[in-house]
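*Asks:* One structure, pasted below without further comment.
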Amino acid sequence: MEKYLIMNPLDFPILSTIIFLPLVGVALILLMRKELAIKVTALIASIATLVLSVVLCAYFDPRTPRFQFGESLSWIQMYNINYTLGVDGITILLIVLTALVTPACVLCSWTSISQRIKEFMICILLMETSMIGVFCSLDFILFYVFWEAMLIPMYLLIAVWGGPQRDYASIKFFIYTLFGSVFLLVAIIALYLVNGTFSIPEAMYKNYPFQFQAWVFLAFAIAFAIKVPMFPFHTWLPAAHTEAPTAGSVLLASILLKMGTYGFMRFCLPITPVASFAFAPYIVALSVIAIIYGGFVCLSQTDMKKLIAYSSVAHMGFVTLGIFTFTKIGFEGAMLQMINHGITTGALFLSVGIVYERTHSRDIYDNAGLGKITPVYVGFFGLFAISSFGFPGTNNFVGELYVLVSAFAWSKAVGFLAVVGAVLAAAYMLRLLKLIVWGREDKRTIRDMNLREVIYLLPLGVFVIWIGLFPRPFVRMMEMTLSHLLWRLQGFSH
Amino acid sequence: MVIESAQPLLPIAIVLCVSVLILLSRKKPNVREFWSIAGAVLTFAAVVMMVPPVWRGDRLVYTLSTIAPGISLNFRVDALSLVFGIVSSFLWIFASVYNIGYMRTLKEHAQTRYYVCFAVSILGAQGVSYSGGLFSLYLFYEIITLFTYPLVAHHQDEEGYAGGKKYLVYLMGTSKGLLLPAVILTYVMTGTLDFSDTITSGVFPGGADNVWITVTYVLFIFGFAKAAIMPFHNWLPSAMVAPTPVSALLHAVAVVKAGVFCIARVMLSTFGTALLQDSGLGLLTAYFVSFTILAASIIALTKDDLKARLAYSTVSQLSYVILGVALLDKSGVLGGIIHILNHGFSKITLFFCAGAIFVASRRKKISDMAGIGYAMPFTMGAFAIASLSMIGVPPVAGFVTKWYLLNGALEIGNLPIMIILMASTILNAGYFVPITFRAFFTGDKKTWKQEGIGEAPLTMVIPLVIAALISVGLGLYPNAFSYLIGRLF
């Protein structure tokens, strides 16, 4: 174990603290009755988590590919199940992203959620705990517990606070994800039967026969492909994203979709490398289909949230494309795109939420022509919209550039097909932006953004430009882990 | 000598600050316009400060950030950069003054948005000039596209939206669909997006696949659709729905010159003259753009709308720049690059004149302009001078270009190119001379007097007269810029 895990050098268990701090918030909220107190408590809990995750970043050592800040306790000895936590270059930024997005979710629900605010905030904080838990777990059972734990609050967020078709959307989301989880469990048990342990790092450093790898890969792949979601498993996504309340859409888009691609990088590549190579052409094909299909579907949307939801399908296609072209720059691009998509699409959903609170409509036409009415809002929306289609100088451009380089190096045909998706992205996003800014002439009274709204969008805007112009510090955090992963994979490539 | 210096960032930073200041002073039009003019002057000063080292044959370089191994947000200033940098910053001063007269006389709406977008477009042009690699080049190239769109669609009527849409579809479509893969293919083949040190060598290694080099090259040529090489030229005439100062500075200087500048830059600093020579791609390009030179001129002959005629003239003239560079010898490259400057000054004069005519008389069609020379002698005088430059009559600037280009064609002994240059000169005369003739030698003085039409406001007439005089100056004394550009070799 020590081989893969550097124990926590700090004098308190930082990962456990980050994971369970939101739960402390939940406990406090349970005792409260006043709405304001509940909201403030949720905000403080999420911001404290953010601060701690930044501390985690500061102490993170990017020079080693091993897991850091390790914590290990025996949990269920009979089955060799342990409470093992650790962070490496793949997860560190995802944790920070989660911690960054959650306060925004709390703030964006400040006035838009009018009923059952207590339960709502509890759901958000439970989500945070389980999401960060998923990223930190180094034991399959622990991972699975957190993985499933995400499902319930998310289901509730959609089913209780969602839009008119929330029943349909929430059930669809639940069934799809649960269906995938079953396969995940099968794979986990299969690995346990072979290894005699649920330790993730130990499973990563073993050689399995090809046939075993192929089955385990497929089981993993179904679970993760639904989560990403990859074409053709994406149909739960537009419904869920559209019907969920703003905070729910943000959590879904920014973090939950990353669980799938994270799973591919954490489990499929290291545990089943030979199968990953074997199935790569199919995954690449599905990624390209997702990129192009997502783009075309976006072109014809009239619902803002649906448009952004389908654009996620295309964007996540870039991530899986980056992963399964097996180059260092492709891995880095995929990781960057995971972060970038979390920032940009999260911000876009937040923006839609802001305008929805005022016009009570997600229809593009109802929210069109805001250029003169709400200039600050349009400024933010414009930044996130151009970032979403990969305008140079913004975060998504860097990620897409990395992934496209990898795609072109893998196969020029795949590269050119992915470029088609990039063109489509520009087309649908510019269309949306033009309509939002100039689509209507009439004068309406719509309030511009208030301070609270600026406060939660501004940090995301800063990251859009920061990663867009200075991506290296971010890449450096993950570089060693990814190089190591690639180096290990290359040993199996023949 | 290569000098590490952040100086290339200075003009870009100034324009950025000015854009913010313009936005902040939106409630006070006079202050806002002051920032435009002051910003233009300061930017030009910052550009001029970079002339001495380049004059000595040095090169300024600066890397702001690394994006990936071999890809960085970097800047470099050499003679090629300076020519475009000087043109776009200097003419911005004129355009800023001219803007005031035009926008206020016509009481245009959304003036703050207009000025901000104008400034940011110049920022893009400055950034393109000083880009040290394809990443920076692409970044600033796209900034120009995005921020000129609100200017093209400024009137927000059906015509404006249609023109704007075409503009975006052509420019964004080509930059995403052709330019981006070209950039990535370059990186995949060479491992770097930086420009090479000399204009002969290029960045492609000896063993690179010739087919893919050719594909990349073609993608580049069409990807920079701002250069308006046929068949990707149609956005330019449509963009003429914009207010005339936009057509003048952006669609005669900053935007379109960014296109030809980028092509010239990529030909010289990414592919290199040696590779283009050996593969025959250089001459092929020359022949290919010759078609645009002739065809656009022929279309220009048929246009009665003054701005449309000027637009097609621009399409034709832009390809001179590429033709010159594609000849790959010293005279040709010199002629091509110096045409960025010569055409810039002359064409902005012509557009300024078109705008002044519109502001003073609300006339757009050439057929309605009989005798307008009586009413607007200064404007039409400047127009006459600038159109002589377009034709290439000595001693106006355009002559210098044609002289170098013909010399370039002569040096490599290419008769077809020489014939094309002659033919295009005749065509140029064919569509410019009649305008001047109609203005001064036909029509009736009285009708103009009765309508009470005279010269446009002074803030418009003065810039256009000075620009015309500078065109003459550049024709009389081309040595300074020839020497500067010669530093590339």
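Read the figures in this text as sums done on the coordinates, not as results from a lab. Every value quoted in this text rests on a predicted model; they were computed, and no experiment measured them. Glycine gets a Cβ as well: all are built from the backbone with ideal geometry, and neighbour counts include every protein chain shown.
*Asks:* In terms of Cα to Cα distance under 19 Å, which aspartates and glutamates are near enough to residue B:165, apart from those fewer than 8 places away along the same chain?
*Replies:* A:441, B:142, B:157
*Asks:* Then there's this: May I ask you to derive the FRET efficiency for residue B:30 and residue A:28 from their Cβ-Cβ distance with R0 = 56 Å, giving the value to the nearest 0.05?
*Replies:* Calculated value: 0.50.
*Asks:* Under a point spin-label approximation (7 Å from Cα along Cα-to-Cβ), what is the residue A:299-residue A:79 distance to one decimal in nm?
*Replies:* Here the answer is 5.0 nm between the modelled labels.
*Asks:* Restricting attention to the alpha-carbon atoms of chain B, what are Rg (one decimal) and Dmax (integer), both in Å?
*Replies:* For chain B, the Cα radius of gyration and maximum Cα-Cα distance read 21.2, 74 Å.
*Asks:* In cubic angstrom, how much convex hull volume per residue do the alpha carbon atoms of segment B:280-489 span?
*Replies:* Working: hull volume 20.6 nm³, N = 210.
Hull volume normalised by residue count: 98 Å³.
*Asks:* State to the nearest 20 debye the size of the charge dipole of the protein assembly as shown about its Cα centre, where the only charges are +1 on K and R beta carbons and -1 on D and E beta carbons.
*Replies:* Values: 62 positive and 45 negative charges, 400 e Å.
Approximately 1920 debye in magnitude.
*Asks:* In segment A:5-488, with Lys and Arg counted as +1 and Asp and Glu as -1 at Cβ, which of these residues, A:177, A:433, A:333, has the Cα nearest the positive end of the dipole, that is, farthest along it?
*Replies:* Value computed over the given set: A:433.
*Asks:* Calculate, in nm to one decimal, what residue A:472 and residue A:278 gain on full extension: separation in residues at 0.36 nm each, minus their alpha carbon distance.
*Replies:* Values: separation 194, 0.36 × 194 = 69.84 nm, distance 3.17 nm.
The span from residue A:472 to residue A:278 would gain 66.7 nm if fully extended.
*Asks:* Of A:450, A:220, A:114, whose Cα points farthest to the positive end of the dipole of segment A:5-488 (charges on the beta-carbon: +1 Lys, Arg; -1 Asp, Glu; origin at the Cα centre)?
*Replies:* Looking along the dipole axis, the top candidate is A:450.
*Asks:* Summing +1 for each Lys or Arg and -1 for each Asp or Glu, what net charge is found among the other residues whose Cβ lies under 12 Å from the Cβ of residue B:340?
*Replies:* Numbers: positive: B:257, B:265, B:347; negative: none.
Every neighbour counted, the sum reads +3.
*Asks:* Tell me the angle of helix A:166-195 to the major Cα principal axis of chain A, expressed in degrees between 0 and 90 and rounded to the nearest ten.
*Replies:* 10 degrees
*Asks:* I would also like to ask the following. If the viscosity is 1.306 mPa s and the temperature 10 °C, what translational diffusion coefficient in µm²/s does Stokes-Einstein give for chain A when Rh comes from Kirkwood over Cα pairs? Before the final figure, lay out the partial values.
*Replies:* Numbers: Rh = 22.4 Å.
So the translational diffusion coefficient is about 71 µm²/s.
*Asks:* Determine the percent antiparallel among the DSSP beta bridges restricted to the protein assembly as shown, to the nearest 5. Spell out each step's value before the answer.
*Replies:* Numbers: 19 of 24 bridges.
Restricted to the protein assembly as shown, the bridges split so that about 80 percent are antiparallel.
*Asks:* Next question. Under the definition of partner shielding as Cβ atoms of other protein chains within 10 Å of a residue Cβ, what is the mean value for peptide B:419-429? Mind dumping the intermediate values first?
*Replies:* On the way: counts 0, 0, 0, 0, 0, 0, 0, 0, 0, 0, 0.
Partner Cβ neighbours, averaged per residue: 0.
*Asks:* Report the local net charge at residue B:63: Lys and Arg +1, Asp and Glu -1, summed over other residues whose C-beta lies under 13 Å from its C-beta.
*Replies:* Working: positive: A:472, B:76; negative: B:4, B:194.
Around residue B:63, the surrounding residues sum to 0.
*Asks:* Sticking with this one: Checking the table B:166/B:257; B:303/B:347; A:372/B:107; B:226/B:347; B:347/B:445; B:107/B:445 against a 22 Å threshold on Cα-Cα, which pairs fail?
*Replies:* Working: B:166/B:257 19 Å; B:303/B:347 17 Å; A:372/B:107 18 Å; B:226/B:347 16 Å; B:347/B:445 27 Å; B:107/B:445 29 Å.
The answer is B:347/B:445; B:107/B:445.
*Asks:* Charges on Cβ only, +1 for Lys and Arg, -1 for Asp and Glu, centred on the Cα centroid of chain B; of B:420, B:466, B:16, which one is farthest towards the dipole's positive end?
*Replies:* After comparing all options, I get B:466.
*Asks:* Using a 10 Å cut-off around each Cβ, can you sort A:466, B:448, A:147 from fewest to most neighbouring Cβ atoms? Before the final figure, lay out each step's value.
*Replies:* Working: A:466 16, B:448 20, A:147 25.
The fewest-first ordering by Cβ neighbours comes to A:466, B:448, A:147.
*Asks:* Mind checking the full-extension length gain between residue B:294 and residue B:110? Use 0.36 nm per residue of separation minus the Cα-Cα distance, one decimal, nm. Walk me through the numbers on the way to the answer.
*Replies:* On the way: separation 184, 0.36 × 184 = 66.24 nm, distance 3.87 nm.
That works out to 62.4 nm of additional length.
*Asks:* Nearest 5 percent is fine: what portion of the DSSP beta bridges confined to segment B:1-137 is antiparallel?
*Replies:* Roughly 75 percent of the DSSP beta bridges within segment B:1-137 come out antiparallel.
*Asks:* May I pose another question? Grab the Cα-Cα distance for residue B:469 and residue B:63, subtract it from 0.36 nm times how many residues apart they are, and report the gain in nm with one decimal. The partial results should precede the final answer.
*Replies:* Values: separation 406, 0.36 × 406 = 146.16 nm, distance 3.87 nm.
Additional length available on full extension: 142.3 nm.
*Asks:* Okay, next question. Once the other residues with Cβ under 13 Å from the Cβ of residue B:155 are scored (Lys, Arg +1; Asp, Glu -1), what is the net sum?
*Replies:* On the way: positive: B:107, B:113; negative: A:441, B:108, B:157, B:158, B:159.
Residues close to residue B:155 contribute a combined charge of -3.
*Asks:* Tilt of helix B:29-48 relative to the longest C-alpha principal axis of chain B, in degrees (0 to 90, nearest 10)?
*Replies:* Helix B:29-48 sits at roughly 40 degrees to that axis.
*Asks:* Now, a different point. How far is helix B:9-24 tilted, in degrees, relative to the longest principal axis of the Cα atoms in chain B, given as a value from 0 to 90 rounded to the nearest 10?
*Replies:* Roughly 40 degrees between the two axes.
*Asks:* Let me ask you something else. What is the magnitude of the charge dipole of chain B about its Cα centre, with +1 placed on the Cβ of each Lys and Arg, -1 on the Cβ of each Asp and Glu, and no other charges, expressed in debye to the nearest 20?
*Replies:* Numbers: 31 positive and 21 negative charges, 258 e Å.
Taking the Cα centre of chain B as origin, the dipole is about 1240 debye.
*Asks:* Residue by residue through A:406-412, how many Cβ atoms from other chains fall within 10 Å of the Cβ on average? It would help to have the intermediate numbers written out before the result.
*Replies:* Details: counts 2, 2, 6, 4, 1, 0, 6.
Mean partner-chain Cβ count within 10 Å for A:406-412: 3.
*Asks:* Provide the FRET efficiency to the nearest 0.05 for the residue B:447-residue B:169 pair, computing r from the beta carbons and using R0 = 60 Å.
*Replies:* On the way: r = 42 Å, r/R0 = 0.71.
For residue B:447 and residue B:169, the calculated efficiency is 0.90.
*Asks:* Arranged from highest to lowest average of other beta-carbon atoms within 10 Å per residue, in what order do the peptides A:278-284, A:117-123 appear? If you can, show how the numbers build up before the last one.
*Replies:* Numbers: A:278-284: 16.1, A:117-123: 21.9.
Averaged packing, sorted descending, gives the order A:117-123, A:278-284.
*Asks:* Sort out for me the Cα centre separation of segment A:1-61 from segment A:421-477, rounded to whole Å.
*Replies:* The two parts, judged by their Cα centres, are 29 Å apart.
*Asks:* Ok, one more. Quantify how strongly other chains surround peptide B:164-170 by giving the mean number of their Cβ atoms within 10 Å of each of its Cβ atoms.
*Replies:* Working: counts 2, 3, 0, 0, 5, 3, 0.
That works out to 2 on average.
*Asks:* Quick check for me: using +1 on Lys/Arg Cβ and -1 on Asp/Glu Cβ, what's the dipole size of segment B:280-489 about its Cα centre, in debye to the nearest 20? Let's see the in-between values first.
*Replies:* On the way: 15 positive and 8 negative charges, 78 e Å.
In total the dipole reaches around 380 debye.
*Asks:* For segment A:443-460, what does the Karplus curve 6.51 cos²θ - 1.76 cosθ + 1.60, with θ = phi - 60°, yield as ³J(HN,Hα) per residue in whole Hz, taken in order and with x for Gly and Pro?
*Replies:* 8, 10, 9, 10, 5, 7, 4, 9, 4, 4, 6, 5, 4, 8, 8, 4, x, 5
*Asks:* Once label points are set 7 Å from the Cα along Cα→Cβ at both residue A:190 and residue A:413, what is their separation, rounded to one decimal in nm?
*Replies:* 3.0 nm
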